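Scroll down for the structure; my scribbles are underneath it.
The values are calculated or read from the model by the stated rules, or taken from the named source; none is laboratory data. This is a predicted model, so every value here is computed, not measured. Neighbour counts run over all protein chains shown; Cβ positions are idealised from the backbone, glycine included. For the accessible areas, the whole protein counts, side chains as well, though only heavy atoms, and no ligand, DNA or RNA atoms are used. Shrake-Rupley method; radii C 1.70, N 1.55, O 1.52, S 1.80 Å.
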Amino acid sequence: MIETVLFAELAWPQVASRIAAGAPIFLPIGATEQHGRHMAMNVDAVLPTAIAERVARRVGGLVAPTIPYGNRSQPKTGGGRAFPGTLDLTAATFSAVVRDVLLGLFRHGAQRIVVLNGHYENISPAIEAIELAFDAIGRDRADGLIVLRLDHWDLIAPGTIDRMFPDGYPGIELEHASVIETSMMLALRPELVDLAAAVDDGPAEFVRWERYGAPTPEVPASGVLSMTKGASAEKGEWLLHDIVEALVAAIEREFASNQRGPA
Ligand code: ZN
Ligand code: MN
């Protein structure tokens with residue numbers, strides 16, 4: 001069989017031996033959500049999956065199948081549900097799915113798990129999923145299980161943001177389908193990006209509250225919350241480099257001692 005870091009491409013004896021050897025298991029969590037006129041719906045799944053694959057190759061890890069549906073898209077962070085094609089899970093459903101996958105990995109012996117998130121609205125229900133998994137396992141008998149949870153964009157170095165946005169950074173809260181995501185997609189999956197279809201109708205100017213039961217006209221019609229101008233594959237590689245290096249370092253720091261395997 002081929003050399004792979006993808007959990008689902010292994011036969012069960014290989015899964016068993018890799019887990020027994022202490023392989024960190026990555027669980028990418030994404031979304032199927034509008035990302036402007038210029039990008040595919042799968043950005044929030046493609047990015048954490050690709051990052052997890054790069055990191056897994058460095059640290060001897062495995063990448064579990066990505067959760068392709070995310071917690072409900074919100075207007076101020078994802079454009080919201082008014083755009084055709086966005087498919088959501090409710091928070092409770094999302095938490096239950098992630099909890100069940102974590103429990104399955106634990107049942108098969110995984111003790112080092114990284115939940116790598118690509119969709120803002122997944123943050124709270126992913127935290128709840130991890131808490132529910134520990135509730136189910138029992139806090140006093142988690143048998144050494146450690147779960148890390150992070151959002152890939154939080155590992156971008158501040159200096160890289162300065163290089164990317166010499167004219168000023170609109171802020172991570174407006175980066176949905178904007179320069180950061182578009183650049184990483186251009187680096188990883190350029191065939192899923194069509195910059196010629198991008199519309200420059202941002203940045204969004206949101207009020208400091210959320211509005212339910214009425215539309216959110218502040219969302220730009222394109223679905224891009226900030227801008228795509230300035231996105232490039234080269235910048236995407238800067239970002240991926242930052243995130244991969246920081247995640248490798250985090251894993252070495254958190255998982256170095258206390259690895260499973262022969263004592
Ligand atoms: Zn996104
Ligand atoms: Mn999203």
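For the stretch 130-139, the criterion of being touching a Lys or Arg at 6+ places or on another chain (Cβ under 9 Å), away from ligand 1 (no atom under 16 Å from the Cβ) and under 25 Å from HIS35 (Cβ atoms) is met by no residue.
If the condition is being over 21 Å from ARG149 (Cα atoms), touching a residue at least 12 places away in the same chain (Cβ under 8 Å) and more than 13 Å from ligand 1 (Cβ to nearest atom), then the stretch 14-70 contributes GLN14, VAL15, ALA16, ARG18, ALA20, ALA21, ARG37.
Checking LEU116, LEU102 one by one, the residue that is in contact with a helix residue (DSSP H, G or I) (Cβ under 7 Å, 6 or more places away or on another chain), part of a helix (DSSP H, G or I) and at pLDDT 95 or above is LEU102 and no other. When THR32, THR49, THR66 are checked against the criterion of being within 13 Å of ligand 2 (Cβ to nearest atom), modelled with pLDDT of 95 or more and open to solvent by less than 50 Å² (accessible area, probe 1.4 Å), a single residue qualifies: THR32. Annotation: of all residues in the stretch 108-134 being more than 16 Å from ligand 2 (Cβ to nearest atom) and touching a residue at least 60 places away in the same chain (Cβ under 8 Å), the one that is surrounded by the fewest Cβ atoms within 10 Å (Cβ to Cβ) is HIS108.
The set of residues from the stretch 170-192 being part of a helix (DSSP H, G or I) and either within 12 Å of ligand 1 (Cβ to nearest atom) or closer than 14 Å to VAL224 by Cβ (or both) comprises ILE172, GLU173, LEU174, VAL179, ILE180, GLU181, THR182, SER183, MET184, MET185. When each of LEU89, LEU105, LEU145 is tested for being open to solvent by less than 40 Å² (accessible area, probe 1.4 Å), more than 16 Å from PRO24 (Cβ to Cβ) and in contact with a strand residue (DSSP E or B) (Cβ under 9 Å, 6 or more places away or on another chain), the lone residue that passes is LEU89. Among the residues of the stretch 157-173, those identified as touching a residue at least 12 places away in the same chain (Cβ under 8 Å) and open to solvent by 20 Å² or more (accessible area, probe 1.4 Å) are ALA157, ARG163, PRO170, ILE172, GLU173. Within the stretch 105-124, being more than 16 Å from ligand 1 (Cβ to nearest atom) and not β-branched (Val, Ile, Thr) holds for LEU105, PHE106, ARG107, HIS108, GLY109, ALA110, GLN111, ARG112, SER124.
Here are GLY109, GLY144: which of them is in a loop (DSSP other than H, G, I, E, B) and modelled with pLDDT under 95?
GLY144
All conditions in (1) of a type in the set (Val, Ile, Thr); (2) at pLDDT 95 or above; (3) touching a helix residue (DSSP H, G or I) at 6+ places or on another chain (Cβ under 9 Å) hold for ILE2, with the sole exception of (2).
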